[in-house]
């Protein structure tokens, strides 16, 4: 009998880009995703696009305290370079949630929140991508 890795393992060498301007928050998210076997990289909102182009992440978690219009612009830009799941942590507000989905966000997670809840949702998105055969390569590589 040979052991084989589950083909739908959400942590199978998948890169998660954590976009946050808070070093403590970055350390928390990176640690949690690394514990699940993902390669988590944190980046500030100012450098997220450059890192996203280089790494082509399976998932992007946006947790930044910048004005809503800047968060939306960042999400649109990230969506333009990656098909990976895009999750955004946001304060409550129906209008902000609707605008976030229109900007390409796959899931809005309303704060306050539990890190465990975010991690479960993130892992579910990665499994979903594998099951659906979503290509996570950069969109610009197909142009």
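Checked against the criterion of being under 20 Å from residue 118 (Cα atoms), surrounded by fewer than 17 Cβ atoms within 10 Å (Cβ to Cβ) and modelled with pLDDT under 90, the candidates 84, 37 yield just one match: 37. When restricted to residues that are surrounded by fewer than 18 Cβ atoms within 10 Å (Cβ to Cβ) and either at pLDDT below 85 or closer than 13 Å to residue 108 by Cα (or both), the stretch 40-66 contains 2. A search for C-beta distances below 9 Å between a residue of the stretch 97-124 that is modelled with pLDDT under 90 and any residue that is surrounded by 12 or more Cβ atoms within 10 Å (Cβ to Cβ) and part of a helix (DSSP H, G or I), counting only pairs 6+ apart in sequence or on different chains, returns 110/97. Of all the criteria given as (1) more than 14 Å from the chain's Cα centre (by Cα); (2) surrounded by fewer than 17 Cβ atoms within 10 Å (Cβ to Cβ); (3) assigned to a helix (DSSP H, G or I), the one not satisfied by residue 130 is (2). Out of the residues in the stretch 64-77 meeting the condition of being in contact (Cβ under 8 Å) with a residue 40 or more places away in the chain and in contact with a strand residue (DSSP E or B) (Cβ under 9 Å, 6 or more places away or on another chain), tell me which one is nearest to residue 48 (Cα to Cα). Per the stated criteria, the residue is 74.
The values are calculated or read from the model by the stated rules, or taken from the named source; none is laboratory data. Everything numeric in this text was worked out from a predicted model, so none of it was measured. Glycine also receives a Cβ, built like all others from the backbone with ideal geometry; neighbour counts cover every protein chain displayed.
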